[in-house]
1. Less than 12 Å Cβ to Cβ from Asp96, Lys/Arg counted +1 and Asp/Glu -1: what total charge do the surrounding residues give?
2. Of Lys103/Lys160; Lys103/Lys176; Lys120/Lys192; Lys160/Lys192; Lys34/Lys103, which ones are farther than 20 Å apart at the Cα?
3. Mind grabbing the base-10 log of I(q)/I(0) for the stretch 1-58 at q = 0.15, 0.17 Å⁻¹? Debye formula, identical points on the C-alpha positions, no solvent, two decimal places.
4. Can you give the local net charge around Asn24? Use residues other than it whose beta-carbon is closer than 13 angstrom to its beta-carbon, Lys and Arg +1, Asp and Glu -1.
5. Neighbour counts of other C-beta atoms within 10 Å: give me Val104, Val117 arranged from fewest to most.
6. Can you put Phe93, Phe13, Phe40 in order of Cβ neighbours within 10 angstrom, beginning with the fewest?
7. How do Arg180, Arg64, Arg89 line up, fewest other C-beta atoms within 10 Å first?
8. In sequence order, what are the phi-derived ³J(HN,Hα) couplings for the stretch 80-94 according to the Karplus relation 6.51 cos²θ - 1.76 cosθ + 1.60 with θ = phi - 60°, rounded to whole Hz, with x for glycine and proline?
Amino acid sequence: MIKYTFKEDINNFLSEAEDLLQQNNLIEALNLAKERLQSFPLDVNAHIVACKALIYMERSDDARKALRDVGAIIAGLTLVYERVGDIYREKGFNQDAAACYEKVLSLHPEAENAREVIGKMALLEQDEDPVSVTETDTANNENIREPEFFTTTLAELYIKQGHLHDAQTILEEIIKKEPRNIKALSMLDELKESLLHQLSANDKFSRHDNLIRILYSWLKNIERFKNNASGK
């Protein structure tokens, strides 16, 4: 088996791995991938080969574990972006800080601290103009002006996190600056429709609950009348 020590050997690795997979020599393909990962833990192709070999061997649990390991690596890398973003912000490089924070959210939108990172992005505007944006304004999503780094990508990340009203605020501010921004207009239309459906569904549930309460009250009254009529 060839031992790979340089990233430039990726073509050789892929060639040997593909040959092993085609020959159905799955264990050797898996070992080859593991060997490369020992030298290059972030090698995307080696992770793919390892998962492919495991799946072909019907070792689904091991394949899922391998993917969880990849997820842990991604989480670690996003921490780098977040910390560097914090450093940029400390030095006043807000555009670079925003780019780092946006990278964190795009790489790992389900992260537990995603909301915290979004909050940091919002605070960047406060750093630019501390008088115009207070902590109360930020918490209530009121009077939040759109900084240059607020983009449709950030709005998409808000939507993925379920913060629809935050996303609406961003899109509306983008459109104020760019009235012909087709993507922002389209996203805002879809978002408003989603919010309308949400309100409609909530209203429907509210009416349903109210109807149940009324019916329950009627039944109690009927039961009371029956008891009175029978002399109980």
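1. Values: positive: Arg89, Lys91, Lys103; negative: Asp86, Glu90, Glu102.
Local charge sum for Asp96: 0.
2. Values: Lys103/Lys160 14 Å; Lys103/Lys176 25 Å; Lys120/Lys192 26 Å; Lys160/Lys192 15 Å; Lys34/Lys103 28 Å.
Flagged as over cut-off: Lys103/Lys176; Lys120/Lys192; Lys34/Lys103.
3. -0.34, -0.44
4. On the way: positive: Lys52; negative: Glu18, Asp19, Glu28, Glu58.
Taking every other residue near Asn24 into account, the sum is -3.
5. Working: Val104 28, Val117 23.
If I rank by nearby Cβ atoms, fewest first, I get Val117, Val104.
6. On the way: Phe93 14, Phe13 21, Phe40 17.
Fewest-to-most ranking of Phe93, Phe13, Phe40: Phe93, Phe40, Phe13.
7. Values: Arg180 7, Arg64 13, Arg89 20.
Result, fewest neighbours first: Arg180, Arg64, Arg89.
8. Listing the rounded values in order: 4, 4, 5, 5, 5, x, 4, 5, 4, 5, 4, 8, x, 8, 5 Hz.
Read the figures in this text as sums done on the coordinates, not as results from a lab. It should be emphasised that the depicted structure is a prediction, and the values quoted were computed from it without experimental measurement. Positions of Cβ are generated from backbone atoms using ideal geometry, with glycine treated the same way; all protein chains shown enter the neighbour counts.
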